[in-house]
Amino acid sequence: MATLNDIISEKVREGELYEKLDRDRVRCYACGHCCPIPDGHVGVCKVRYNRGGTLYVPWEYVGAIQCDPIEKKPFFHAYPGALAYSFGMLGCDLHCAYCQNWVTSQALRDPAAVAPVKALKLSSVLTMNHSLPVNGLWPSSKKHAPPAY
């Protein structure tokens, strides 16, 4: 069975938040670490890497998916009563010992880690969380539009 590293190394595209440096190095600006990454190495998050002077970033996969009441989210007031379809990718630039998402955020630190693909359930709100630096909220329909003030 392929490892997580094997699987996600194929699910990448060229990043946008980086600059090219000398000797095929890059500087990633996806988080506050601003990692200088030599050719053939990964950033502190373990999901962004340099190959031949180009930064590659995660693309077309998710590491965690959950459908929950929006009241569990920090923006519960935006769409009260809606279901939030939350997803997150692998890796994180933080290493908090108390993290409730440790399994997905730090899975790539275990070179033998594997995971099966699971079916999806749809909801009315899409949220991006489970890993930093990106968190967000996107309504999937106008049914749950925020109230007008």
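State whether one or more residues within region 37-59 are loosely packed, with under 13 Cβ neighbours inside 10 Å, over 16 Å from the mean Cα position of the chain (by Cα) and of a type in the set (Gly, Ala, Ser). Yes, that holds for at least one residue.
Would you confirm, using the coordinates I've provided, whether Asp93 is surrounded by 12 or more Cβ atoms within 10 Å (Cβ to Cβ) and among the acidic types (Asp, Glu)? Considered against the rule, which asks whether it is surrounded by 12 or more Cβ atoms within 10 Å (Cβ to Cβ) and among the acidic types (Asp, Glu), Asp93 comes out as yes. Of everything in region 1-44 that is polar (S, T, N, Q) and in a loop (DSSP other than H, G, I, E, B), the residue that is modelled with the lowest pLDDT is Thr3.
Can you tell me which residues in region 18-33 are surrounded by 14 or more Cβ atoms within 10 Å (Cβ to Cβ) and either touching a residue at least 12 places away in the same chain (Cβ under 8 Å) or at positive phi (or both)?
Tyr18, Leu21, Asp24, Arg25, Val26, Cys28, Tyr29, Ala30, Cys31, His33
Residues that are closer than 27 Å to Pro36 by Cβ and assigned to a strand (DSSP E or B) within region 60-104 comprise just one, Gly88.
Evaluate the following for Phe75: is it within 21 Å of Thr3 (Cα to Cα) and outside the structural domain of Arg13 (by TED's automatic domain parsing)? Criteria not met by Phe75.
Does at least one position in region 16-33 carry a residue that is in contact with a Lys or Arg (Cβ under 6 Å, 6 or more places away or on another chain), over 20 Å from Ala107 (Cβ atoms) and in the same structural domain as Asn101 (by TED's automatic domain parsing)? Looking for residues that are in contact with a Lys or Arg (Cβ under 6 Å, 6 or more places away or on another chain), over 20 Å from Ala107 (Cβ atoms) and in the same structural domain as Asn101 (by TED's automatic domain parsing), one finds none in region 16-33, hence no.
Do the conditions hold for Gly91, that is, is it under 18 Å from Arg109 (Cβ atoms) and either out of contact with any Lys or Arg (no Cβ under 9 Å at 6 or more places or on another chain) or modelled with pLDDT under 95 (or both)? Quick ask: steps written out before the conclusion?
Numbers: under 18 Å from Arg109 (Cβ atoms): yes; either out of contact with any Lys or Arg (no Cβ under 9 Å at 6 or more places or on another chain) or modelled with pLDDT under 95 (or both): yes.
Spelling it out, Gly91 is indeed under 18 Å from Arg109 (Cβ atoms) and either out of contact with any Lys or Arg (no Cβ under 9 Å at 6 or more places or on another chain) or modelled with pLDDT under 95 (or both).
Taken together, the residues in region 14-27 that are under 15 Å from the mean Cα position of the chain (by Cα) and under 12 Å from Tyr49 (Cβ atoms) amount to 1.
The values are calculated or read from the model by the stated rules, or taken from the named source; none is laboratory data. Bear in mind that the values here come from a model prediction, so they are computed numbers and not experimental data. For neighbour counting, all protein chains shown are included, and Cβ atoms are generated from backbone atoms with ideal geometry for every residue, glycine included.
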